[in-house]
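Values in this text are rule-based calculations from the coordinates and carry no lab data. Keep in mind the model is a prediction, meaning the values are calculated, not measured. Every residue, glycine as well, gets a Cβ built from its backbone with ideal geometry; the counts of neighbours run over all protein chains shown.
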C-alpha cells in the first residue's frame, strides 16, 4: 500500500512538473528582472547575474538629438560635458570603466563597479544630471575632440552624406532628420552657456531609467535606490513624437557618384505609419518575423530572386525597424553582381519586395521562419539569459522604447499567426516617405 501511495505521489509530481514546467521556467527566468519603484527615476530596473562579478550601472535619459531645439549636434556636446563633469575628470583616468552615448532618441551613461561600491558609484553616476561644472578651457578642449571625432567618422563612412541626404527626405522637417554630431562649422561655435541650457532641459532624473546589471541582489539594489530618495524633486515632463517626422508622403530618387566608394551601392529606405499590431512586444516580434522571412531564401524572401536564382546582387542587407509606437522604417542596401547595373538591381529588388508585400508569405515560409525564431530564442542558455535581457533592455531604452524580456518574446512568438505577419507586410504598401539612391564609384582619369 505504501509503495502504491509513493508511486501515485511520484507520478503526480512528475505530471505537475510536466504540466507546469514552462510556467515555472518562465517565472525563474523573470526572477532575474526586477523593477523597483523610485521617487526620482521614471523606472529603476535590476537584472541580476551572479556569474558576472562586476556591476554595470546605466542611466538613460529619453532625450537625444531629436529633442534638441538648438544647433544640430549640441546634445552630443552636452553628453561629453556632463560625462566629463561627473565621471571623466580632466585626466580621463576612468575611461575604461565608464562611457556615454548620444543618439536621436536618448542620451546615456554607464559605469562599471562592484557590489561594495554600488552606493557611492550610483551617486556619482546620477551626478550627470547636476549643473555642468566644467572649466571653460576643458569645454573648449572637448569641442576640439568632437571636431576630430567628426573627421574620423566621416573618413570611415563614405556614404555618410548620402544617408544624411536620405534622412532629410525620409523625415522632412522632422527632428529625426537632424545630424547627431553636427557639421564642423556649427561644432566650432558650440558654447558652454548653450550646453548648460540644453543640459538642464534634457538631463532630468525623474524622466530617466536606471538599469543595474551584474552581481547584485534585490536587497542591495533597492537599498541603493532608496538611499537616493530626496536627491531631486520629480519634474513631470511631457514628450511628444509629433515633431519627429514631417507629415505627408514624399518620394525622391537620385543618382550620385563618390570617389571614396569601393563598389556601386543601391540604397532604398521607406517610412510609413505603424499600423495597429498589438502591444510593443507583439509589434516587435511580428516585424522581426517579417524581416527574417524577407532576408531568407525561402519563397517570398529576397535572397532567392536577388542572389541565388538570378545573381543580381552580390550582397545585401535588409532591415525593418520600429520607431517608437508610430512608424516603421524599411532599409535595403545592396551591391550589384558582376555585369549588373544599379538600375537592374533596383528593378529586381522592387519586383521581389512588392510581390511579397502584396501576396504575403505562404504558410510554409511563415511556419519555418517562426519556428526558426522560436528555436533561436529558446536556445539561449540559462547562464546567458541575464546578459541577453540586459542587452535587450538596454537596446530598447536607447531607442526610447519600453522594456520587455526574453520570455516575453518567446511567449509572443508562439501566439503570432500568419495573418498577423501578412497584415503587417500589406501595411507597408501604403504611401509613405521614400528615398532611393543609386551610388556609383566615381571614375578617376589621369590626364597625363
Where does each of 167-176, 133-142, 214-223 land if you order them by average Cβ count within 10 Å, highest first? 167-176, 214-223, 133-142
Per its Cα gyration tensor (rounded if a/c is under 1.5, else prolate when a/b beats b/c, else oblate), the stretch 258-321 is best filed as oblate
Peptides 99-107, 78-86: what's the order by average Cβ count within 10 Å, highest mean first? 78-86, 99-107
Based on alpha-carbon centroids, what's the gap between the stretch 389-416 and the stretch 292-371 in Å, whole number please? 25
Looking at the stretch 132-184, I'd like the Rg to Rh ratio, where Rg is from alpha-carbon atoms and Rh is Kirkwood's inverse mean 1/r. 1.11
Counting all C-alpha pairs of the stretch 69-161, share separated by more than 17 Å (%): 56
Using helices alone, I'd like the mean residue ellipticity at 222 nm for the chain: each DSSP H run of four-plus residues gives -39500 (n - 2.57), total over residue count, nearest 500. -13500 deg cm²/dmol
Taking the beta-carbon count within 10 Å as an exposure proxy, list 441, 128 from fewest neighbours to most. 441, 128
Semi-axes of the stretch 33-226 from the Cα gyration tensor (sqrt of 5 times each eigenvalue, largest first, whole Å) come to 31, 18, 16
Relative contact order (percent, whole number), the stretch 33-226, Cα cutoff 8 Å, 6+ residue spacing: 42
log₁₀ of I(q)/I(0) at q = 0.13, 0.14, 0.17 Å⁻¹ - the stretch 250-441, Debye sum with one point per alpha carbon: -0.75, -0.86, -1.16
Quick one: what do you get for the stretch 142-293 if you divide its Cα Rg by 2.2 N^0.38 Å? 1.43
Give me the Debye-computed log₁₀ of I(q)/I(0) at q = 0.06, 0.07, 0.09, 0.10 Å⁻¹ for the chain, equal point scatterers on Cα only, no solvent, two decimals. -0.33, -0.44, -0.72, -0.87
Given Cα pairs under 8 Å that are at least 6 residues apart, what percent is the relative contact order of the chain? 22
